[in-house]
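Colleague: The structure that follows is given in the form of structure tokens.
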Amino acid sequence: MRFLEKAPAKINLVLDTLYKREDGYHEVEMVMTTVDLADRIELTPLKSDEIRIVSENRFVPSDSRNLAYQAARLIKDTYHIREGVEIFIEKQIPVAAGLAGGSSDAAAVLRGLNHLWGLDLSLDTLATLGAGIGSDVSFCVYGGTALATGRGEQIKEIDAPPPCWVILAKPSIGVSTKAIYQNLNLETIDHPDVHKMVEALQEEDYDKMCANMGNVLEPVTTSLHAEVDQIKSHMKDFGADAVLMSGSGPTVFGLTQQESRAHRIYNGLRGFCDEVYIVRMLGTRNTLD
Ligand SMILES: C[C@@](CO)(OP(=O)(O)O)[C@H](O)COP(=O)(O)OP(=O)(O)OC[C@H]1O[C@@H](n2ccc(N)nc2=O)[C@H](O)[C@@H]1O
Ligand SMILES: Nc1ncnc2c1ncn2[C@@H]1O[C@H](COP(=O)(O)OP(=O)(O)O)[C@@H](O)[C@H]1O
């Protein structure tokens, strides 16, 4: 019996860092939301006691470096499961893009194996487990829209963004999250107002949401990769209401409420960038199947 689970990408509407902690991580305040660009995860039970990763995408590791593998290993070890599983990852989310593709795959494996192996764990328990894999995994377990604090693993559900179109454009460069955080100068940060963003969502105020988007990692990535700024300028020129880099980048997203304008931005961007997507915000939380 196969089990299918969707693993949606996330964007950061706002990302602030407060200070560097003694464990080396940065204390963050972020508003994150899921969009309907998703990997498809297919779980097939195996008689042999092994975890097998299968993916046709050459950038996706097929061994223990894969976050989906780590999720399965964690569940097996924690709950003493002696069965095996094949994890087929149909990749739609660009890799190393600031869209949490690997984290979302890991979260989907946690939700899926919970179902497949009849563990009856809550989303809260899965999110706590997920934090051991990576800072973004807890958010991805819940999906929807959240204020994330701590190193990103403390999740509070908040209101979904007002309906709009999201155009995602990923320049053909890979970015290391670790390297971007390492290059962040905490003394010179221009802090965005995270609480105004939370308010904007509460008030369903699209203009206020656009006005309060901000990401302190953006200047770090743009200083290393000029392409990010170029794509931002193009998106603005084609008519996006607000434009921001997601996470540590390099993917840039632009927002509009008008479908015709969304297509104009999408078509315009395709001339400059190989990987462009036009998606909707999902906004609402996952449920356990
Ligand atoms: C920047 C963000 C924003 O959502 O996303 P991405 O760009 O990766 O999508 C996240 O904070 C990334 O989360 P994630 O990709 O899970 O990071 P982790 O594996 O936990 O950490 C990778 C490295 O990033 C740095 N790191 C990460 C999180 C954090 N709060 N402070 C940090 O300094 C650390 O150097 C760590 O070794
Ligand atoms: N299931 C997975 N899908 C994609 N990348 C993965 C996966 N598991 C591990 N990785 C590794 O994680 C790194 C970050 O990838 P990803 O999660 O897509 O980006 P980001 O952290 O920027 O959102 C990549 O370099 C890749 O080798």
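The values are calculated or read from the model by the stated rules, or taken from the named source; none is laboratory data. This structure is a prediction, so every number in the text was calculated from the model and none was measured. Reconstructed Cβ throughout: ideal geometry from the backbone, glycine too, with neighbour counts over all protein chains shown. Please note that ligands, DNA and RNA were not included when accessible areas were found on the heavy atoms of the full protein model with its side chains. Shrake-Rupley method; radii C 1.70, N 1.55, O 1.52, S 1.80 Å.
Colleague: Can you tell me which residue is least open to solvent (accessible area, probe 1.4 Å) among those in the range 69-86 that are assigned to a helix (DSSP H, G or I) and in contact with a Ser or Thr (Cβ under 9 Å, 6 or more places away or on another chain)?
Modeller: Taking the range 69-86 and keeping what is assigned to a helix (DSSP H, G or I), we get 69-78.
From the residues that got through so far, the ones that are in contact with a Ser or Thr (Cβ under 9 Å, 6 or more places away or on another chain) too are 69-70, 73.
Numbers: Y69: 44, Q70: 63, R73: 90 Å².
Across the range 69-86, the extreme among qualifying residues is Y69.
Colleague: Based on this model, can you work out whether S103 counts as part of a loop (DSSP other than H, G, I, E, B) and open to solvent by 10 Å² or more (accessible area, probe 1.4 Å)?
Modeller: Taking the combined requirement at face value, the residue does not satisfy it.
Colleague: Also, quick follow-up: What pairs can you find where one residue is in the range 208-237 and farther than 26 Å from G271 by Cα, the other is modelled with pLDDT of 95 or more and open to solvent by 40 Å² or more (accessible area, probe 1.4 Å), and their Cβ atoms are less than 6 Å apart, with a gap of 6+ or different chains?
Modeller: Listed by first residue and then by second, the contacts come to N212/D193; N212/K196.
Colleague: Looking at the structure I just gave you, is E56 exposed (fewer than 13 other Cβ atoms within 10 Å of the Cβ), more than 16 Å from ligand 1 (Cβ to nearest atom) and not assigned by TED's automatic domain parsing to the domain that holds S248?
Modeller: When the stated conditions are applied, E56 passes them.
Colleague: Sticking with this one: Looking at this structure, is I180 within 16 Å of ligand 2 (Cβ to nearest atom) and assigned to a helix (DSSP H, G or I)?
Modeller: yes
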